[in-house]
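Nothing in this text is a laboratory measurement; each read-out follows from the coordinates by a stated rule. From a predicted model like this one, the values you see are computed outputs, not experimental measurements. Cβ placement follows ideal geometry from the backbone for every residue including glycine, while neighbour counts extend to all protein chains displayed.
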């Protein structure tokens, strides 16, 4: 019997379902929670007095994305994330594009977080500072990426307990920083004054919004956790909603605090010998890579202690996030290879360690190329001049932020369309969680619900994609180039394998869904699914009047 | 860690924490509007407060659902 590619992937030895609700939350938190450590400084540098508005806009879009991921991860608890949802909802070629965009994000994730991890450590070890010692910084980031690749090939991953501990410590730490900051140093009048006097140009505001979305990237971890959580349909919505709200609160609170906080001790003077506001100091090139640690050190009373440990805690969280990039890219490439969206080489495992070594090496190699491209202007004055002419002198971390925002916005756009498509075409799959505000109607004889929030979220994320294309010189070229190159490779591969190029291969989604729900332990949902499928088949079959 | 997370003490601590979130959210909204007034600059603060209230409410709902299951 011919078994579809998707069903084959699911029938392979699966991951153990041992992640608890807290484990599921901390898994997502260690991935998405690290983003504010990178995003805060970048957004303050770009959007200045409108940074909180930039975070608000991106945050509301993120809430829509989070709700979409929660619904889809609870209905289809498999580890492919956005790539799997798009593959299932829109077919092979769109599944490839979404997966390819996610792969871009994962490779950027590896570099950006390794880079930022060293930026945070440089607040304790000044020789690691990017601006003062760019070669040292470059070599250490390179060593981190190579080290993570080796660890992933050997098969060493940080334990779930370690993730839970770091996430727990970080939630407590960030809450304490915000508590002391808001209680003793926050001045609402100063916030309003900053918003009025340092309001950016529309171009810079768009730039800020497109960078703010990087503070909310990493929702793939929700579906990764869904694959390894027992009874995911009931656990994932609970933990995801808490995660989404926690991340939103931290992003809005930090941006408001940065704009409206009176520093506990005087700030250094700027290059012209003038006094500078806190938000300006946090957003400059020296501090934008480690803005949370610098902000924490200026918080009254608690700042002295925070200055000692926040750089280390931030660095650990960022290292975990960088590692999730290595892990995630190799696993998504492995899964895409299994469904014949990528060549079978990406499925090749190491003979001794049984890990997808080829995928790990390829995507860590891409990450190293991105690192070189990002660091080059600081390493060579000649290249700096070329970047200045071509790309308006974007610095390394901003270049990485550009591509990160592009990849995220591109893949999330497809996820919204896939959600709408799956609502219409797979109404039989039970959904324990649905995005709010739905319009019921009949489609192809089935009662379905059209998600209004998905349309709002789609409009929001597409506008962020447009902002990214308008405001980022490098992202505008490199992002679409990545997609076009990938598509060309996909077309050649599918033609060589004599597979449909623009159409999809036949997939037995019913069998796949039964396997998914069975392996998730969601037997009630599986029964419900079988009943729904039977009812739908009965409705579609012509009525016979013969004997039963 | 797992034992702690499953204990009744942890659940009650979370409930108190949730109440604090709701309270703090309301304070953030009231203080923002009180100081800044009903102007657009108050929007980020109001959304922050609303998110805090929502997080607290979600946790209270989880606690109630957990008690019903037990």
Just grab the label-to-label distance for residue A:162 and residue A:452, each label 7 Å out from Cα along the Cβ direction, in nm (one decimal). 4.7 nm
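Using 0.36 nm per residue, how much length does the chain from residue A:439 to residue A:132 gain when fully extended, once their Cα-Cα distance is taken away?
Values: separation 307, 0.36 × 307 = 110.52 nm, distance 5.70 nm.
Difference between extended and current length: 104.8 nm.
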Computed label-point distance, nm, for sites residue A:285 and residue A:463 using a 7 Å Cα→Cβ extension: 3.3 nm
Enter the mean number of other protein chain beta carbons within 10 Å of the beta carbon of each residue in A:193-200, as an integer. 1
To the nearest Å, what is the center-to-center distance of the stretch A:473-548 and the stretch A:305-349, using C-alpha atoms only? 26 Å
Sequence ranges A:35-43, A:520-528, A:371-379, A:318-326, ranked by mean other-Cβ count within 10 angstrom, highest first: A:35-43, A:318-326, A:371-379, A:520-528
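Based on Cα coordinates alone, diagonalise the gyration tensor for the stretch A:72-171, multiply each eigenvalue by 5, take square roots, and list the semi-axes in whole Å, largest first.
Details: eigenvalues 215, 68, 34 Å².
Whole-Å semi-axes of the equivalent ellipsoid: 33, 18, 13.
Report the gain in length on full extension from residue A:389 to residue A:485: 0.36 nm times residue separation, minus Cα-Cα distance, nm rounded to one decimal.
Extra length from residue A:389 to residue A:485 when fully extended: 32.0 nm.
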log₁₀ I(q)/I(0) of the stretch B:8-69 at q = 0.22 Å⁻¹, via Debye over equal Cα point scatterers, no solvent, to two decimals? -0.77
With no solvent and one equal point scatterer placed on each C-alpha of chain A, evaluate the Debye formula and give log10 I(q)/I(0) for q = 0.11 Å⁻¹, two decimals. -0.95
Quick check: from the Cα gyration tensor, does the stretch A:340-426 come out rounded (a/c under 1.5), prolate or oblate? oblate
Tell me the label-point distance for the pair residue A:184, residue A:533, using the 7 Å Cα-to-Cβ offset, in nm and rounded to one decimal. 6.1 nm
Taking alpha-carbon centroids only, the stretch A:188-255 lies from the stretch A:261-289 a number of Å equal to 25 Å
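Using only alpha carbon pairs under 8 Å that are at least six residues apart, calculate the relative contact order of chain A and give it in whole percent. Before the final figure, lay out each step's value.
Values: 913 pairs, mean separation 163.9, N = 548.
Across chain A, relative contact order equals 30 percent.
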So, in Å, what gap is there between the alpha-carbon centers of the stretch B:19-45 and the stretch A:354-425? 37 Å
Say we join alpha carbon atoms closer than 10 Å with springs in a Gaussian network model of chain B; which of B:22, B:39, B:60 then has the biggest fluctuation? B:39
Per-residue Cβ counts within 10 Å, from other chains only, averaged over A:238-251: what number is that? 4
Partner chain coverage, peptide B:18-26 - average Cβ within 10 angstrom: 1
